[in-house]
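As structure tokens, the structure follows; a few thoughts come after it.
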Amino acid sequence: MAALNDKQAKLITDGKDFAHIATVKKDGSPQVTPIWVDYDGKYVIFNREQKRAKVKNLKRDPRVAFTVTNAANP
């Protein structure tokens, strides 16, 4: 698991920047969802409502990618 550097952590923890999480559907295609994220110093944290597609996808295939858009400098 890769650790975030200080600049990446600051982007997640400062302000109200949007993130998008991509998980893998059963057919291998991506499923992308806009989310709010937080960082506890070790893990990126996001809502994991059990009925959501991203959670079902992650239980089946733990691969994930996410992006964060800096609202101040998109």
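The values are calculated or read from the model by the stated rules, or taken from the named source; none is laboratory data. The model shown is predicted, which means the values in this text are computed figures rather than measured ones. FYI the Cβ positions are ideal-geometry reconstructions off the backbone, even for glycines, and counts take in every protein chain you see. The protein model used for the area step is the full one, side chains on, heavy atoms only, and it has no ligands, DNA or RNA in it. Shrake-Rupley method; radii C 1.70, N 1.55, O 1.52, S 1.80 Å.
Scanning the range 43-74 for residues that are open to solvent by 100 Å² or more (accessible area, probe 1.4 Å), out of contact with any Phe, Trp or Tyr (no Cβ under 8 Å at 6 or more places or on another chain) and in contact (Cβ under 8 Å) with a residue 12 or more places away in the chain yields 52, 60, 63. Across the range 25-42, the number of residues qualifying as within 15 Å of residue 63 (Cα to Cα), open to solvent by less than 70 Å² (accessible area, probe 1.4 Å) and under 13 Å from the mean Cα position of the chain (by Cα) comes to 2.
For the range 12-32, residues that are touching a Phe, Trp or Tyr at 6+ places or on another chain (Cβ under 9 Å) and either of a type in the set (A, V, I, L, M, F, W, C) or outside any loop (DSSP other than H, G, I, E, B) (or both) total 7.
For the range 13-24, does any single residue satisfy the condition of being under 27 Å from residue 72 (Cα atoms), of a type in the set (D, E, K, R), without any contact (Cβ under 8 Å) to a residue 40 or more places away in the chain and exposed (fewer than 15 other Cβ atoms within 10 Å of the Cβ)?
Scanning the range 13-24, I find at least one residue that is under 27 Å from residue 72 (Cα atoms), of a type in the set (D, E, K, R), without any contact (Cβ under 8 Å) to a residue 40 or more places away in the chain and exposed (fewer than 15 other Cβ atoms within 10 Å of the Cβ), so the answer is yes.
Pull up the range 1-11, narrow it to residues that are part of a loop (DSSP other than H, G, I, E, B) and not small (Gly, Ala, Ser), then point me to the one that is least open to solvent (accessible area, probe 1.4 Å). For the range 1-11, the residue satisfying everything is 4.
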